[in-house]
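Structure record follows, encoded as structure tokens.
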Amino acid sequence: MSKELRKYPRREIHLEVELGFPSGEKKTVRTLDVSHGGVFLIVDKLRRPIIGEVVEVKIINDTPNAETLFPSNDAVVVRQEENGIGLAFIELDFDNDV
């Protein structure tokens, strides 16, 4: 049995989200699971962002407490799998810039 190395626990939750690419293209996809640190999106193989690419994810349907599910709309692709992509949220904190 392998040790869990994740910083945040995942919750299986299925939400409809808008995935925005740097080119301006937008695609509607679904989540498989969400944690405070990231989200896994079910994405077809025809057009998916590459590892390291920064994308925007926004919850489409009215979900109570959506801001607690997605602490940021900006995310970076950190994992590619057969059925989708893993994203890590990018939390920007401009108050602490020096």
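The values are calculated or read from the model by the stated rules, or taken from the named source; none is laboratory data. Every value quoted in this text rests on a predicted model; they were computed, and no experiment measured them. As a convention, Cβ positions derive from the backbone with ideal geometry for all residues, glycine included, and neighbour counts pool all protein chains shown.
Numbers below:
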| item | result |
| --- | --- |
| Which listed residue, of PHE94, PHE89, is under 9 Å from the mean Cα position of the chain (by Cα) and either among the basic types (Lys, Arg) or modelled with pLDDT under 95 (or both) | PHE89 |
| Of all residues in segment 1-45 being under 14 Å from GLY86 (Cα atoms) and polar (S, T, N, Q), the one that is modelled with the lowest pLDDT | SER35 |
| Segment 40-53 residues that are acidic (Asp, Glu), paired with ones that are modelled with pLDDT of 95 or more (beta carbon under 8 Å, 6 or more apart) | GLU53/VAL76; GLU53/VAL77 |
